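Read the structure below first, then the notes.
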Amino acid sequence: MSTIPKELKYASTHEWVRNEGDGIFTVGITEHAQDLLGDMVFVELPEVGANVAAGDDVAVCESVKAASDIYAPIAGEIVEVNEDLEDAPETVNNDPFGDGWLFKIKAEDPSEVESLLDAEGYQAVIDEE
Amino acid sequence: MANRTPLYDAHVKAGAKMVDFHGWDMPLNYGSQIEEHNAVRNDSGVFDVSHMTIVDVAGIDAKAFLRYLLANDVAKLTVPGKALYSGMLNEKGGVIDDLIVYFFTDESYRLVVNSATRERDMAWIHSVASDFKVTITEQPSLGMVALQGPKAEEKLKLVLGDDAFAPVAGMKPFMSEQVGDYFIATTGYTGEKGYEIVVPGDKVEKLWDDLLNVGVQPCGLGARDTLRLEAGMNLYGQDMDESVTPLESNMGWSVAFEPADRKFIGREALEQQKAAGHAKLVGLVMKDKGVLRHGQKVIVEGGEGEITSGTFSPTLGFSIAMARVPASVGDTAEVEIRKKLVTVSVVKPSFVRQGKSVLA
């Protein structure tokens with residue numbers, strides 16, 4: 001049974017979103033997603049400064065098993081990426097909701113986050129798989 | 001319900017992620033497949049391979065039967081316990097399965113064949129055997145584990161004790177010895193030193209527990225795949241099957257064309273193909289970011305091919321693959337990865353042996 005923190009928002013494509021205030025949101029992949037992918041070997045992150053639309057494929061998590069596209073859960077500008085993952089992609093496996101975050105996005109419209117899934121809604125997505 | 005090996009409960013207890021593997025519930029990993037992989041390269045690991053099919057062949061025609069059934073020649077085997085790798089081919093030279101045959105006497109041999117191909121193999125073996133005086137006995141009640149890694153020998157000695165270990169001490173690769181209940185062979189699928197040990201099904205859990213208690217890492221199918229691919233060993237159903245011959249599968253070395261008067265199934269087709277030319281299985285190395293995967297298109301001088309197995313190599317830190325390509329292939333190739341063409345090096349399909357890179 002994987003952890004799904006209550007305070008986060010989720011996309012059905014297994015990204016999580018944390019509100020950091022000032023319209024900034026941190027994005028990562030869920031514990032369930034990293035478990036499906038297995039040991040991570042490369043993470044390809046977006047360019048800082050890139051403007052992205054919700055649903056754009058902006059990053060790639062590549063594990064021993066498969067390459068998986070990561071989608072921007074909301075529209076906005078990429079303001080920071082987790083450069084530590086370059087040398088330590090396994091952090092995504094070990095701490096998916098913490099040090100294994102992928103990028104930070106400055107939301108075009110912070111209210112867009114409200115339309116994402118809550119923990120319960122995401123649990124339902126997993127249960128249907 | 002899926003088949004379970006006698007170690008099913010032990011896997012669950014060890015925290016394994018279980019997956020379906022051709023009708024068997026098998027462990028994929030026990031947490032991290034990369035850690036399991038590294039344990040085998042640097043120390044020791046143990047795999048449950050009880051799902052594999054063990055077939056004993058006995059009778060006055062046993063030697064003649066196997067000389068006809070297999071592409072390699074069991075007449076090479078003269079020392080009791082000696083093992084040989086071979087393909088089992090159809091009339092067109094297509095690979096029905098790859099297997100290891102152990103020699104005991106001219107009238108007694110043991111085959112270990114893949115589980116995924118069990119039904120096809122057994123039907124084929126029985127149909128060919130009908131013209132020979134042999135008995136074919138499957139041994140489904142036997143369990144089997146593979147203990148692999150530079151410390152495998154020291155760990156086995158700890159578990160067996162000095163007296164029981166003595167008969168296998170310093171045993172050369174591809175040999176075997178029956179020690180009490182244990183049939184111990186110096187074979188494996190990792191490119192490391194180690195053993196494959198066949199034991200009665202009701203005793204395999206004790207052996208497994210004993211090995212874990214002396215610090216051997218349990219390893220799943222995930223690590224098994226990255227280890228064998230680094231070692232340049234084929235996976236049946238992926239790198240070869242009945243639609244290709246050993247010559248197209250980097251298994252030409254295991255086909256014994258000499259002596260020329262030995263008839264074996266597939267010989268004529270292979271001789272024709274040898275004369276006409278054929279595709280070959282090569283290794284690919286990509287040092288750029290990304291991972292080569294099964295099914296990706298490979299563009300080479302004079303044509304196109306396909307990756308049969310690809311992975312990230314935990315030992316090397318970059319991606320490696322095996323690909324079947326036209327024989328005109330040069331030193332580099334282009335692989336289509338996620339709609340982009342990436343240039344990769346073409347090498348012999350062997351990447352890591354005994355913990356070390358064999359790449360130039």
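Just so you know, all these numbers are worked out from the coordinates, no wet-lab data involved. All figures in this text were calculated on a predicted structure; none of them were measured in a lab. Glycine gets a Cβ as well: all are built from the backbone with ideal geometry, and neighbour counts include every protein chain shown.
Among A:14, B:294, B:51, the order by Cβ neighbours within 10 angstrom, fewest to most, reads B:294, B:51, A:14.
Take the Cβ atoms of residue B:42 and residue B:133, set R0 to 41 Å, and the FRET efficiency comes out at 0.25. When chain A is treated as a Gaussian network with alpha carbon springs shorter than 10 Å, the biggest mean-square fluctuation among A:17, A:48, A:81 belongs to A:48.
Dipole of the protein assembly as shown computed with +1 at Lys/Arg Cβ and -1 at Asp/Glu Cβ about the Cα centre; of A:115, B:135, B:29, farthest Cα towards the positive end is B:135. Relative to its residue count, the protein assembly as shown spans a Cα convex hull of 154 Å³ per residue. Here region B:39-71 and region A:55-82 have alpha carbon centers that stand 45 Å from each other. Shape of region B:164-226 from the C-alpha gyration tensor: oblate (a/c of 1.5 or more and a/b not above b/c, with a ≥ b ≥ c the square roots of its eigenvalues). Annotation for region B:296-360: trypsin sites (Lys or Arg not before Pro) lying in DSSP loop with at most 11 further Cβ atoms inside 10 Å of their Cβ are B:339. Approximating the spin labels as points 7 Å out from Cα along Cα→Cβ, the residue B:354-to-residue A:6 distance works out to 5.9 nm. If only the Cβ of Lys and Arg carry +1 and only the Cβ of Asp and Glu carry -1, the dipole of the protein assembly as shown around its Cα centre is close to 2460 debye. Dipole check for region B:100-140: with +1 at the C-beta of Lys and Arg, -1 at the C-beta of Asp and Glu, and the Cα centre as origin, the magnitude is about 100 Debye. Cβ crowding within 10 Å, taken as a proxy for footprinting-reagent exposure, orders B:243, B:254, B:309 from fewest neighbours to most as B:243, B:254, B:309. For the cross-link pairs B:76/B:348; B:63/B:172; B:155/B:289, the ones whose C-alpha atoms lie over 32 Å apart are B:155/B:289. FRET efficiency for the pair residue B:169 and residue B:287, taken as 1/(1 + (r/R0)^6) with r the Cβ-Cβ distance and R0 = 41 Å, rounds to 0.50. Run the paramagnetic zone check for residue A:124: 7 angstrom along Cα to Cβ, then residues of region A:3-38 with backbone nitrogen under 18 Å. So the set is A:4-15.
Under a point-charge model restricted to the Cβ atoms of Lys and Arg (+1) and Asp and Glu (-1), what is the dipole moment magnitude of region B:304-360 relative to its Cα centre, in debye to the nearest 20?
I would put it at about 240 debye.
Just to be sure I follow: if Rg is taken over the C-alpha atoms of region B:118-173 and Rh is the Kirkwood radius over the same atoms, what is Rg/Rh? With Rh from the inverse mean 1/r over Cα pairs, Rg/Rh is 1.20.
An ellipsoid equivalent to region A:11-108, defined through the eigenvalues of its Cα gyration tensor, has semi-axes of 20, 13, 12 Å when rounded to whole angstrom and sorted largest first. Holding the Cα-Cα limit at 22 Å, pick out from A:6/A:65; B:287/B:339; B:92/B:133; A:104/B:340; A:9/A:104 the pairs that are longer than that. In this structure, A:6/A:65; B:92/B:133; A:104/B:340 exceed 22 Å between Cα atoms.
Let me know the shape class of chain B, please: from the alpha-carbon gyration tensor, a ≥ b ≥ c as square roots of the eigenvalues, rounded when a/c is under 1.5, otherwise prolate if a/b is greater than b/c, or oblate. It comes out oblate by the Cα gyration axes. Hey, in the GNM for chain B with a 10 angstrom Cα cutoff, which one of B:31, B:180, B:15 fluctuates hardest? Per the Cα network of chain B with a 10 Å cutoff, B:180 tops the list.
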